[in-house]
1. Below 18 Å, Cα to Cα, which aspartates and glutamates can residue 37 reach? Residues fewer than 8 away in the same chain don't count.
2. Rounded to the nearest 0.05, what FRET efficiency is calculated for residue 158 and residue 83 with R0 set to 25 Å and r the Cβ-Cβ distance?
3. In the set [x] 63, 45, 25; [y] 57, 45, 21; [z] 59, 29, 28, which value of Cα extents along the principal axes in Å was calculated from the structure you see?
4. Using a Förster radius of 25 Å, what is the FRET efficiency between residue 96 and residue 51 based on their Cβ-Cβ separation? Nearest 0.05, please.
5. So what is the relative contact order for the range 120-159, in percent, with contacts set as C-alpha pairs under 8 Å and at least six apart?
6. Residue 35 versus residue 21, label points 7 Å from Cα toward the beta carbon: distance in nm?
7. Helix-derived [θ] at 222 nm for the chain: sum -39500 (n - 2.57) over DSSP H runs of at least 4, divide by residue count, nearest 500?
8. Using a Förster distance of 30 angstrom, determine the FRET efficiency expected from the C-beta separation of residue 107 and residue 60, and round it to 0.05.
Amino acid sequence: MVCTERNIVFSGREKTSFLPEVRSCVKNYFTSLKIEKNATRSLHIKNGLLFFLLGFFYLSLIFGWVAFLPRTFLWVLLGLNQALIAVNLGHDSLHRSYVNSPRVNRLLGFFAYDLIGLSSYVWKQTHNQGHHTFTNISGVDPDINKPGILRLSPYDPFY
């Protein structure tokens, strides 16, 4: 069955203990295992390496540091690198979980999305509000409702 927003019903605005209980469990999980709730040093290093590679690929293409044939390959690497930055840094920062500062998270989200031609605003609307409100509900979740090559739900039609 494919759901639509019209037949999905939430409990309303009455106060329940569900959200405070989930937040408490998550906090206890991180505290008991002594896990940092924000990005770790290894994630900072990985993203630093991705930005270094972004600069290297870009400058190599702009200044012609390589011959023409590998240049085409560099364009592909540049695109893949930008996608990795968006998926890794952009996702975490726009979820406000990369660092403690909301302002720094917004700035990092801007660098990871907006400066490469994506929209952090649209991503926050579709992913944070659409996907996290209707997680994995076929026909409603914008992150799995992707016509084309990918079929992310058994309820989606074949294309």
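1. Residue 37 reaches 21, 92.
2. Efficiency, rounded to the nearest 0.05: 0.45.
3. [x]
4. 0.80
5. For the range 120-159, the relative contact order is 27 percent.
6. It works out to 2.1 nm between the two label points.
7. When only DSSP H runs of four or more count, the value is -15000 deg cm²/dmol.
8. 0.70
All of the numbers you see were taken from the coordinates with simple rules; none came from a lab. Just so it is clear, the model here is predicted, and its values are computed rather than measured. Reconstructed Cβ throughout: ideal geometry from the backbone, glycine too, with neighbour counts over all protein chains shown.
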